Amino acid sequence: MTASDLAHRTTTPPRQDVGDRLPAKLAPAPLIALSLGYFLVMLDVTVVNVALPDIRTHLGTGAAALQWTVDGYSTVFAGLLLLGGSLADRLGHRRMFVTGLGVFTLASLACALAGSAGALIAGRLVQGGGAALLVPASLGLLQATYPHRATRARALAVWGAVASVAFGAGPVVGGLMIATAGWRSVFWLNVPVAVAAVALSLRCLPAGARPARTRRIPLSPGSRPRSRKGDPMGQVLAVVGLVALAGGLNEAGTRGWTSPVVLSAFGLGAVALTAFAAVERALEARAAADGRRAPLLPPSLFRSRAFAATAAVGLLISLGYYGMLFLTTLYFQQERGFSALATGLALLPSVGMGLPAAPLFSRISARTGPYVPMAAGLLLGTLGFLGWLLAGDRTPYPVLLFALIATGLGQTMTALAATAAVIDAAPASGAGIAAAVFHVSRQTGSAVGVALFGTFATTAAGFTAGLRLSAGVAAAAFAAGALLALTAGRGTRARPSVDPR
């Protein structure tokens, strides 16, 4: 897909009768299938953390192996997202969603049966690959299944709320499963849920690759239609660059930013991503002339101010929120002496904000579009992070409650709005790659936030000083995101209720 593709493409929108012009009912079955898939992805981000002590005991693993049991999943997830989005657009969103679920299920089985640390880490790496296939396809299917903007906003609110609940419930669910059935049960849990999601997906999700039928036409008489061939060089460079970057950020928190391993990873990532950008620009220019091969990630996608700003917002909110979530977990456990369960309950007002945020986002966005709730969520999050400047060794929990609620509600509403904005800004034939770019920005922001704020906590004059410094940086990141959202919102015209794409 190139800039010329968009200029020289005709689309055949679905027939619209009177009912099409009105908000459609929210079909529940497709939404349940898509939400179950995303639920598993987000649950496995946090559910494994509480199993690490038992894994160490039963498999005899060291600290490095335990770290890669957690980080390996997120590293491969981030590294393969662009490839997953491209495959979804080229081969079909439902096909890649079901394939991703299948890979995730088999990897979960491998983790549950692992007899060594190496086998467990390998299973976690494959889990990350499955997640990278299904998440971009999931957003593409949301666009295809719910073409009416207001209905799609409601569906997206439910989808995001389920993910938020999964992320927040991970430690609690993991603790209960481990206490009753051992650490392997956190992986066995994925299997029946994934099987149900696959069965429901095959029955109710649209089989077409894209929501609107597209017809490619020649640029000039006698020229050939656009090719949908892949971009193998771009795929290799993107995977190498993103995996190296994510791996370097994961290692920076423990090895230090100046470690040779970390610097080498950053250097490899920078070289690979620079080469990737050059290859994609050249391919897009060549495709405009002969249409033989389309780039994996068309640079023209970033010429949309709305899309570029929203991708930047995704990075900023993840940097601020997940970096601070990492430190606040340590704050309650190390500085306040909370148990693991008490810490999970203390953080619940923040990580559990998906349920109240979803209907709030849905109501506001139905009237104003996504940028108003995006800016509102960012400003609310900014105030919440400023509240963490009051944190100390004996700060009463009710004083911190506002900060927890404000940051959780602000982050969740912003994430929902930003996801909606990405779907609105992306062409129908590029929904998968657009969703992948957005999730790459979020994964990168999260890794940067955890590594950077972890450094603040260990190098400042005491943990609390590092926590306050991190809160200030997080507030600045959210404030910058609010400015981007307001700027992008002013330049975006109202969209039709049914996208004619």
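None of the figures in this text is laboratory data; all of them are computed from the coordinates on show. This one's a predicted model, so the numbers in the text were calculated from it and none came from an experiment. Note that each Cβ is placed from the backbone with ideal geometry, even for glycine, and that neighbours are counted across all protein chains shown.
The long axis of helix 340-351 is offset from the longest Cα principal axis of the chain by roughly 40 degrees. Going through (i) 35, 25, 23; (ii) 42, 28, 24; (iii) 31, 29, 22, the figure that equals semi-axes √(5λ) of the Cα gyration tensor in Å as computed for the structure here is (i). Summary value for the chain: 23 percent relative contact order, contacts being C-alpha pairs under 8 angstrom separated by 6+ residues. Farthest toward the positive end of the dipole of segment 304-494, out of Phe307, Ala357, Leu409, is the Cα of Phe307, where the dipole comes from beta carbon charges about the Cα centre.
When each of Arg90, Arg336, Arg367 is scored by the number of other beta-carbon atoms lying within 10 Å, the sequence from fewest to most is Arg367, Arg336, Arg90.
Annotation: segment 26-206 has a Kirkwood hydrodynamic radius of 16.3 angstrom, from the mean reciprocal C-alpha pair distance. Considering segment 304-494 at the alpha-carbon level, its Rg and Dmax are found to be 16.6, 54 Å.
Counting beta carbons within 10 Å around each of Cys111, Cys204 and listing the fewest first gives the order Cys204, Cys111. For segment 230-257 and segment 311-368, write down the distance between their C-alpha centroids in whole Å. Result: 26 Å between the Cα centres. Net charge around Gln127, counting only other residues with Cβ within less than 13 Å of its Cβ (Lys, Arg = +1; Asp, Glu = -1)? Net local charge, Gln127 excluded: -1.
Between helix 232-255 and the chain there is an angle of about 20 degrees, using the helix long axis and the longest principal axis of the Cα atoms. In the chain, the longest principal axis of the Cα atoms and the axis of helix 371-387 are about 10 degrees apart.
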